[in-house]
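One structure is given below, encoded as structure tokens.
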Amino acid sequence: MRERMRLAATRDLELLRSTLVAGREPTRPSISICAGTGCRAHGAMDLFDEFRRQLDAGGLDDVEVRATGCHGFCERGPLVVIFPKKIFYHGVKPKDVESVIEKTIRNGEIVESLLYKDPVTKEKSLLEHEVPFYAKQQRIVFRNNGKIDPTCIEDYIVADGYVALARALTGMNPEEVIDAVKQAGLRGRGGGGFPTGRKWEICRAQPGDEKYIICNGDEGDPGAFMDRSIMEGDPHSVLEGMTIGAFAIGAHKGYVYVRSEYPLALANLTEALEQSRSYGLLGRDIFGSGFAFDVELIRGAGAFVCGEETGMIASILGDIGSPRQRPPYPAESGLRGKPTNINNVETWANVPVIIERGPDWFAGIGTEKSKGTKVFSLVGKVKNTGLVEVPMGTTLREIVYDIGGGIPKEREFKAVQTGGPSGGCIPESLVDLPVDFEKLTEAGGMMGSGGLIVMDERTCMVDVAKYFLNFLVDESCGKCTPCREGLFQMYSILSRISQGRGQAGDIELLEQLGTYVRDTSLCQLGGTAANPVLSTLRYFRDEYLAHIEKKECPAGVCKELVTFRVEADACTGCGLCKRVCPSESIAGEKKEPHTIDMATCVKCGVCYEECRFNAVIAE
């Protein structure tokens, strides 16, 4: 374990950074391996061990192998980047290690088979920034992911880590820090979009010396993993942002609330806390400024409602995670009745960059009212799934097509669901919508924490609304009647409609219930829970009518309303449908048209989804 000395003053940080930089040869090859949760699931740590073993055995023990946070391009993992040129390899396996070392590390040559090849143009990309997935991104929050070892604070310091904290504590007063965040236009990235500097200002203005700050790392949205990847890949950026915020607000105690389903984030945060304390970057008299601050890590049990501020506070205190009436807001009366400032992971990670580069630089990115960048988890029916960071105002088309690569199997883009389970579904007709807080809200969606779920022509919007309502019914704390009973009744109606038992007046009843739940629920979980239903009714009303009046599911998803058959003229007899059928209901000889026995068919739709020739028809 490295012996660390307390950084008692700003000059100590500068000296340490200079010493660390001097000990690193910038032209020496180094290997960066994505070790985020996704790539770990594909064997990234086995890859790391194999690189280290072969390098040591080959006398190349001076070549650094770094296990980093998520690189974002989850669809193509495990990912490897060779520095200093930033040569980008994807889908790397342990069997490829020998070739990479021999060709690229020893001889400066390229392993062609590991380069990214565009599926349309067939052009290969050599460097990371040349890959279309990365080309339109602007990485501020993800500035260090893919470059540093998140368990090594020295890597963070070399990347100018804690420079912003030193500047804030020794060269600014709290009001100047708050003014900088306000001038930057940073808004909360957890979903509400409330101006961050204004929230800090309110909290600081409250009387009393005891105040708290909380980092919301709960992230309960299905399909969302932005905050998890920041905590896994760059935990010190979060801690540095929190410490700057604590100085501005006048808090001396902070909490990071993380759900227990994030073991790697918890492990890396725990390590980061210990390392920060060892350098004196947390604790008493930080940088000799007289300011004291420390952070405690709290494990949540995974309740979606604990992402709501007052529900989270209750959970931190050991109570059931259920919200309370607001006002008073936590900034006025929160944890233990004291002023408490809560921001999410992404918001805190932006703070050091604003202080380091200046508020005008940050405010120059994005739109008039939505500044900076936003990290999205791009998932669903899109070719390039993963994490995407783009300037506010980037259009859905740019995200889905230019970065995401478009829809698999050349199917039609139908909609994108934004903002998690409480978000709305934006149709293809609005694909050129700039993504910012205002535009999404106007369109019936919401920014939320940043989930983007792409849907194609074979997605049933009634089924989508039912899926999210089912999730929200389970996650409702049950404290208030509108959310508890209203969501259950809406889910029951959607279930009837999807089963072919819809009735005249169901659509109007859904709209009435949705409005009631939205306007009268205790917290924002209920206040936004009707969005999936209301937005799909707004843009896909005909699909609801088809279910109710014609007893048809146009997308071929709802089992009670669909049967499948094989179009003989289109079937090539490839046998794929037969191989994937779980009930063995498909028969046919090779290169001959196949048939489906509907007597045994379980209507899972796998054959319909997998057929490459659109020969399986849903009726």
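The values are calculated or read from the model by the stated rules, or taken from the named source; none is laboratory data. The shown structure was predicted, so the numbers you read here are calculated from the model rather than taken from an experiment. Positions of Cβ are generated from backbone atoms using ideal geometry, with glycine treated the same way; all protein chains shown enter the neighbour counts.
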Suppose we filter 556, 573 for residues that are under 34 Å from the mean Cα position of the chain (by Cα) and outside the structural domain of residue 446 (by TED's automatic domain parsing); which single one remains?
556
Matching residues in segment 543-571 (within 18 Å of residue 455 (Cβ to Cβ) and touching a strand residue (DSSP E or B) at 6+ places or on another chain (Cβ under 6 Å)) number 2
In this structure, does residue 456 turn out to be among the acidic types (Asp, Glu) and touching an Asp or Glu at 6+ places or on another chain (Cβ under 8 Å)?
yes
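Report, by residue number, each residue of segment 503-542 that is more than 22 Å from residue 420 (Cα to Cα) and either in contact with a strand residue (DSSP E or B) (Cβ under 6 Å, 6 or more places away or on another chain) or part of a helix (DSSP H, G or I) (or both). It would help to see each step written out before you state the result.
Looking only at segment 503-542, we keep the residues that are more than 22 Å from residue 420 (Cα to Cα), and these are 503-509, 512, 542.
If the condition is that a residue be more than 22 Å from residue 420 (Cα to Cα) and either in contact with a strand residue (DSSP E or B) (Cβ under 6 Å, 6 or more places away or on another chain) or part of a helix (DSSP H, G or I) (or both), then 506, 507, 508, 509, 512, 542 are the ones that fit.
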Criterion (in contact with a Pro (Cβ under 9 Å, 6 or more places away or on another chain), acidic (Asp, Glu) and outside any helix (DSSP H, G or I)) met by exactly one of 209, 221:
221
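Return the total of residues in segment 434-448 being within 16 Å of residue 390 (Cβ to Cβ) and modelled with pLDDT of 90 or more.
Final tally of qualifying residues: 6.
A quick yes/no check of all residues on (1) under 20 Å from the mean Cα position of the chain (by Cα); (2) under 26 Å from residue 553 (Cα atoms):
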| site | (1), (2) |
| --- | --- |
| 385 | yes, no |
| 398 | yes, no |
| 420 | yes, yes |
| 449 | yes, no |
| 460 | no, yes |
| 471 | yes, yes |
| 485 | no, no |
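Rundown of residues vs (1) farther than 17 Å from residue 459 by Cβ; (2) at pLDDT 95 or above; (3) not aliphatic (A, V, I, L, M), yes/no style:
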position	(1), (2), (3)
556	no, no, yes
559	no, no, yes
562	no, no, no
571	yes, yes, yes
591	yes, no, yes
598	yes, no, no
604	no, no, yes
610	no, no, yes
614	no, no, yes
Single residue of 185, 197, 191 found to be buried (at least 16 other Cβ atoms within 10 Å of the Cβ), under 26 Å from residue 224 (Cα atoms), at pLDDT below 95 and not acidic (Asp, Glu)
191
Could you please find all residues in segment 495-517 being over 13 Å from residue 546 (Cα atoms) and either in contact (Cβ under 8 Å) with a residue 24 or more places away in the chain or not assigned by TED's automatic domain parsing to the domain that holds residue 472 (or both)?
495, 510, 511, 513, 514, 516, 517
If you go through segment 488-495 one residue at a time, do you hit one that is crowded, with 22+ Cβ neighbours inside 10 Å, small (Gly, Ala, Ser), out of contact with any helix residue (DSSP H, G or I) (no Cβ under 7 Å at 6 or more places or on another chain) and part of a helix (DSSP H, G or I)?
no
Can you say whether residue 261 is surrounded by fewer than 20 Cβ atoms within 10 Å (Cβ to Cβ), under 20 Å from residue 219 (Cα atoms), touching a strand residue (DSSP E or B) at 6+ places or on another chain (Cβ under 7 Å) and in contact (Cβ under 8 Å) with a residue 24 or more places away in the chain, as far as the supplied structure shows?
no
From 33, 82, 101, which residue is touching a Cys at 6+ places or on another chain (Cβ under 8 Å) and either at pLDDT 95 or above or over 21 Å from residue 133 (Cα atoms) (or both)?
33
Checking residue 546 against (1) outside any loop (DSSP other than H, G, I, E, B); (2) touching a residue at least 12 places away in the same chain (Cβ under 8 Å): exactly one of these is not met. Which one?
(2)
Condition first: under 30 Å from residue 176 (Cβ atoms), not assigned by TED's automatic domain parsing to the domain that holds residue 169 and not in a loop (DSSP other than H, G, I, E, B). Can you find one or more residues in segment 380-387 that meet it?
no
Could you check, for segment 33-51, whether at least one of its residues is surrounded by 20 or more Cβ atoms within 10 Å (Cβ to Cβ) and in a loop (DSSP other than H, G, I, E, B)?
yes
(1) in contact with a strand residue (DSSP E or B) (Cβ under 7 Å, 6 or more places away or on another chain); (2) closer than 14 Å to residue 74 by Cα all hold for residue 383 apart from (1)
Just a yes or no: is a residue in segment 214-231 surrounded by fewer than 24 Cβ atoms within 10 Å (Cβ to Cβ), out of contact with any Cys (no Cβ under 8 Å at 6 or more places or on another chain) and free of Cβ contacts under 8 Å to residues at least 40 places away in the same chain?
no
Which one of these does residue 500 not meet: (1) farther than 24 Å from residue 480 by Cβ; (2) within 30 Å of the chain's Cα centre (by Cα)?
(2)
Restricting segment 416-428 to residues that are touching a residue at least 40 places away in the same chain (Cβ under 8 Å) and in a helix (DSSP H, G or I), which is surrounded by the most Cβ atoms within 10 Å (Cβ to Cβ)?
420
Inspect segment 468-483 for any residue being crowded, with 21+ Cβ neighbours inside 10 Å, assigned to a loop (DSSP other than H, G, I, E, B) and modelled with pLDDT under 95 and give the result as yes or no.
yes
Positions within segment 322-363 being under 23 Å from the mean Cα position of the chain (by Cα) and either of a type in the set (A, V, I, L, M) or under 19 Å from residue 478 (Cβ atoms) (or both), in sequence order
342, 345, 349, 351, 353, 354, 363
Output yes when any residue across segment 411-420 is small (Gly, Ala, Ser) and out of contact with any Cys (no Cβ under 8 Å at 6 or more places or on another chain), and no when none is.
yes
